[in-house]
1. Return the total of residues in region 69-81 being open to solvent by 90 Å² or more (accessible area, probe 1.4 Å) and either of a type in the set (Asp, Glu) or assigned to a strand (DSSP E or B) (or both).
2. Could you run through region 98-123 and say how many residues are exposed (fewer than 14 other Cβ atoms within 10 Å of the Cβ), out of contact with any Phe, Trp or Tyr (no Cβ under 9 Å at 6 or more places or on another chain) and part of a loop (DSSP other than H, G, I, E, B)?
3. Of the residues 121, 126, 85, 138, which is over 13 Å from the mean Cα position of the chain (by Cα) and under 21 Å from residue 31 (Cβ atoms)?
4. Which numbered condition in (1) at positive phi; (2) under 16 Å from the mean Cα position of the chain (by Cα) is the only one that residue 59 fails?
5. Across region 51-64, what is the total count of residues that are closer than 20 Å to residue 84 by Cβ and touching a Phe, Trp or Tyr at 6+ places or on another chain (Cβ under 6 Å)?
6. Between a residue in region 94-106 that is over 23 Å from residue 28 (Cβ atoms) and any residue that is modelled with pLDDT under 95, which pairs come within a Cβ distance under 7 Å, given they are 6 or more apart or on different chains?
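The values are calculated or read from the model by the stated rules, or taken from the named source; none is laboratory data. For clarity, every value in this text was computed on a predicted model and none was experimentally measured. Glycine gets a Cβ as well: all are built from the backbone with ideal geometry, and neighbour counts include every protein chain shown. What goes into the accessible areas is simple: the full protein's heavy atoms, side chains included, and nothing from ligands, DNA or RNA. Shrake-Rupley method; radii C 1.70, N 1.55, O 1.52, S 1.80 Å.
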Amino acid sequence: MKKIILMLMILMGTLSYGKESYLGYWEMPDGKFVIQIMEKNGEYVGYVRWLEDEVYPKGDPMAGMIQIDRNNPNKALRNRKVLNLQVVGGLHFNKAHTELVGGWIYDSWHGKKYYGSAKLLNDNTLKLRGSLDKWGILGYSMEAKRVYLKNSPTKK
């Protein structure tokens, strides 16, 4: 009987954070931008959908200009606007169906691409991890908070 109850608890925990739970808008810890996580062609991807400052601030060499992917290592991509830029890709559920793994996270401010993973801590908190190694040992984690943008399809 204990085994059955344990199995049911594990199953309920797995189902409580289904694939739809990851979808939506997530504000990064610094509050400077929001990404939208969506499912596209069987993988989870993310795009910058809101920026606190769409233009570079005073004091920046490009002050007043729309923010672009200026630090991209590929010179041909440096003129892409940061707004609507894909910054997460290739994520899919692990075997246990408890987190998204196997993807990448792109930091446009530094022009760096990292191995990526994501895990829901609760309905409104998403832990994103970018790492130098595919095992996630050498990296950085941040907690993003769910937000509802005006005119968003997920607005409550």
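1. 1
2. Going through region 98-123 one residue at a time, the tally reaches 2.
3. So the residue among 121, 126, 85, 138 that is over 13 Å from the mean Cα position of the chain (by Cα) and under 21 Å from residue 31 (Cβ atoms) is 121.
4. Failing condition for residue 59: (2).
5. 2
6. Filtered contacts from region 94-106: 97/14.
So that you can scan it fast, the table gives a plain yes or no per residue for (1) charged (D, E, K, R); (2) in contact (Cβ under 8 Å) with a residue 12 or more places away in the chain:
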position: 36; (1), (2): no, yes
position: 42; (1), (2): no, yes
position: 53; (1), (2): yes, yes
position: 62; (1), (2): no, no
position: 66; (1), (2): no, yes
position: 91; (1), (2): no, yes
